[in-house]
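Take a look at the structure below.
The values are calculated or read from the model by the stated rules, or taken from the named source; none is laboratory data. Everything numeric here is computed off the predicted structure, so don't read it as measured data. Neighbour counts are summed over all protein chains in view; Cβ atoms, including those assigned to glycine, are modelled from backbone coordinates with ideal geometry.
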Amino acid sequence: MVTDTGKMKRPTLALLLLVFTFNIYAADISDLLYSFSPLAQIYLKHLGLEDKNNNGVIETAAIESEVKAYIDANNLPLLWLDDEQGTVMNAVTNILGEGWNEQEVNEDEAVRMFNRVMYRLNIPGTTGEPGKSGGYYSLPEFITKRKGFCFEIAQFGFWFFSELKINSVCAQAYLSTTVLHEVVKLKSGRIVDYSRSGSRILSNNWHIDNPLQGISIFYHTLSDTEKNPVTLMEDSVMYNKYYLNYSYSLLYFLRTFTDTDNHVLITLGEFILDNIDINIIMRSNNLDAARVKDMVKNNLLALGIAYAETGDIAKLQNIVELLTQHFRNDRNVRQFIDSYSR
């Protein structure tokens with residue numbers, strides 16, 4: 001509510017600083033959402049490289065070198081990279097022998113080598129919630145600690161097959177409404193799942209997670225261990241901003257546990273809304289469909305409240321219409337509609 005007193009007061013220095021801070025943070029959120037992550041910028045910069053040998057292959061050494069230099073300089077987690085001491089390479093070499101990564105092998109032989117290494121390393125799969133166990137290990141820690149979740153095993157697999165020049169990616173799928181499992185997927189489509197926990201998942205139900213998204217998973221999981229996790233949440237969004245779970249988690253925390261300005265919440269909430277298809281989500285019957293639909297609903301409610309508090313009636317009514325169309329049977333939504341609909 002705005003009260004007209006008939007006089008315009010001069011803003012105090014404290015108020016000016018507060019407004020300035022909010023404006024800066026709103027700009028930071030925009031930069032976070034509407035620009036590429038630092039590592040992605042490296043790949044973009046090198047996309048114009050020529051095929052100098054006319055063999056259909058880009059010279060990738062420059063990319064790999066610059067990515068590794070950035071990761072080292074900024075203390076990013078070594079999820080698919082070895083450390084300077086060669087902890088991972090030394091451990092594998094002790095099992096497979098010198099030059100193991102210099103030979104040409106097919107997928108079958110590569111998978112046998114991977115399973116042999118895992119068996120000899122004697123690394124048991126860890127179960128439970130990673131966020132309650134301190135988060136994930138880096139790749140060298142996975143070797144030295146001799147334990148890890150499926151995430152660490154998949155990251156190790158990605159490193160291992162890359163060393164053998166076999167194209168692979170990490171991939172995820174839900175085993176239940178709450179349990180997510182990660183594996184390695186080879187170029188042929190073959191799933192390498194050391195624990196075999198995902199044996200019942202159809203091949204086309206695995207969703208690819210590229211290396212940068214792996215960093216996002218690492219930071220998001222680590223944020224569950226912090227009392228003030230905003231920076232880690234922002235880092236997770238930076239490397240996977242189109243994943244609803246991470247962007248909404250940041251919005252929820254800012255709205256629930258901080259005094260973040262409504263304009264910042266609107267910037268984040270609108271980005272989420274602009275990058276989802278509500279109609280497709282509402283028709284989804286995936287294992288995590290109910291959880292995703294709940295995040296969409298709560299994002300709309302947060303946006304609606306922010307629009308109401310900033311006096312943006314037109315956008316508020318759009319939110320009311322979306323809530324009415326998709327979530328009208330929800331009690332909280334009905335209360336919101338009764339309060340804010342025209």
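State the number of residues belonging to the stretch 271-309 that are charged (D, E, K, R), more than 21 Å from the chain's Cα centre (by Cα) and closer than 25 Å to Ala173 by Cα. Break it down into steps so the answer makes sense when it comes.
The first filter runs over the stretch 271-309 and keeps only residues charged (D, E, K, R), leaving 274, 277, 283, 288, 291, 293-294, 297, 309.
So of that shortlist, the ones also more than 21 Å from the chain's Cα centre (by Cα) come out as 283, 309.
Checking the rest, the ones that are also closer than 25 Å to Ala173 by Cα come to 283.
Qualifying residue count, the stretch 271-309: 1.
Which one is surrounded by the fewest Cβ atoms within 10 Å (Cβ to Cβ), of the residues in the stretch 61-76 that are of a type in the set (Val, Ile, Thr) and more than 19 Å from Thr231 (Cα to Cα)? Please lay out each step first, then the result.
Narrowing the stretch 61-76 to residues of a type in the set (Val, Ile, Thr): 63, 67, 71.
Now restrict to residues that are more than 19 Å from Thr231 (Cα to Cα): 63, 67.
On the way: Ile63: 16, Val67: 20.
If we take residues in the stretch 61-76 being of a type in the set (Val, Ile, Thr) and more than 19 Å from Thr231 (Cα to Cα), then Ile63 is surrounded by the fewest Cβ atoms within 10 Å (Cβ to Cβ).
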For this session: Kindly indicate whether Thr225 is part of a helix (DSSP H, G or I) and out of contact with any Phe, Trp or Tyr (no Cβ under 7 Å at 6 or more places or on another chain).
Result: no
Exercise. Among the residues of the stretch 206-214, is any surrounded by fewer than 19 Cβ atoms within 10 Å (Cβ to Cβ) and within 20 Å of Asp274 (Cα to Cα)?
Worked result: no
Exercise. Among Thr256, Thr260, which is the only one that is exposed (fewer than 15 other Cβ atoms within 10 Å of the Cβ) and either touching a Leu at 6+ places or on another chain (Cβ under 6 Å) or under 21 Å from Gln335 (Cβ atoms) (or both)?
Worked result: Thr256
Problem set entry | Which numbered condition Leu232 misses (of (1) of a type in the set (A, V, I, L, M, F, W, C); (2) surrounded by 15 or more Cβ atoms within 10 Å (Cβ to Cβ); (3) modelled with pLDDT under 90) | (3)
Exercise. Which condition number in (1) farther than 18 Å from Asn245 by Cβ; (2) part of a helix (DSSP H, G or I); (3) out of contact with any helix residue (DSSP H, G or I) (no Cβ under 6 Å at 6 or more places or on another chain) is the one that Ile280 fails?
Worked result: (1)
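Has the stretch 301-317 got at least one residue that is out of contact with any helix residue (DSSP H, G or I) (no Cβ under 9 Å at 6 or more places or on another chain), surrounded by fewer than 18 Cβ atoms within 10 Å (Cβ to Cβ) and closer than 30 Å to Asn205 by Cβ? Break it down stepwise before answering.
Residues of the stretch 301-317 that are out of contact with any helix residue (DSSP H, G or I) (no Cβ under 9 Å at 6 or more places or on another chain), as a first pass: 311.
Next, from what is left, pick out any that are surrounded by fewer than 18 Cβ atoms within 10 Å (Cβ to Cβ): 311.
Subset that is closer than 30 Å to Asn205 by Cβ: none.
No, the conditions are met nowhere in the stretch 301-317.
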Exercise. What do you reckon, is Gly157 on the phi < 0 side of the Ramachandran plot and at pLDDT 95 or above?
Worked result: yes
Problem set entry | Filter result for Gly189 (on the phi > 0 side of the Ramachandran plot and either aliphatic (A, V, I, L, M) or in contact (Cβ under 8 Å) with a residue 12 or more places away in the chain (or both)) | yes
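Applying the selection to the stretch 126-147, what residues are acidic (Asp, Glu) and in a helix (DSSP H, G or I)?
Within the stretch 126-147, the first condition is being acidic (Asp, Glu), and the residues that meet it are 129, 141.
Glu141 - this is the single residue of the stretch 126-147 that is acidic (Asp, Glu) and in a helix (DSSP H, G or I).
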For this session: Say whether the condition of being farther than 30 Å from Ala173 by Cα and at pLDDT below 95 is met by at least one residue in the stretch 245-257.
Result: yes
Problem set entry | Per-region count, the stretch 263-292, residues in contact (Cβ under 8 Å) with a residue 24 or more places away in the chain and either β-branched (Val, Ile, Thr) or closer than 23 Å to Asp338 by Cβ (or both) | 11
Exercise. Can we say Phe161 is buried (at least 22 other Cβ atoms within 10 Å of the Cβ), touching a Ser or Thr at 6+ places or on another chain (Cβ under 9 Å) and not charged (D, E, K, R)?
Worked result: yes
Exercise. Going by the structure shown, is Tyr242 within 17 Å of the chain's Cα centre (by Cα), in contact (Cβ under 8 Å) with a residue 24 or more places away in the chain and surrounded by fewer than 14 Cβ atoms within 10 Å (Cβ to Cβ)?
Worked result: yes
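Filter the stretch 97-130 down to residues that are of a type outside the set (A, V, I, L, M, F, W, C) and buried (at least 16 other Cβ atoms within 10 Å of the Cβ) and give me whichever is farthest from Ser188 (Cα to Cα). Walk me through it before giving the result.
Applying the first criterion (of a type outside the set (A, V, I, L, M, F, W, C)) to the stretch 97-130 yields 97-99, 101-104, 106-109, 112, 115-116, 119-120, 122, 124-130.
Filter again for buried (at least 16 other Cβ atoms within 10 Å of the Cβ), leaving 101, 107, 126, 130.
Working: Asn101: 20, Glu107: 9, Thr126: 28, Pro130: 30 Å.
My answer is Pro130.
Kindly indicate whether Glu309 is more than 18 Å from Asn262 (Cα to Cα), part of a helix (DSSP H, G or I) and among the charged types (D, E, K, R).
Judged against the criteria, Glu309 is not a match.
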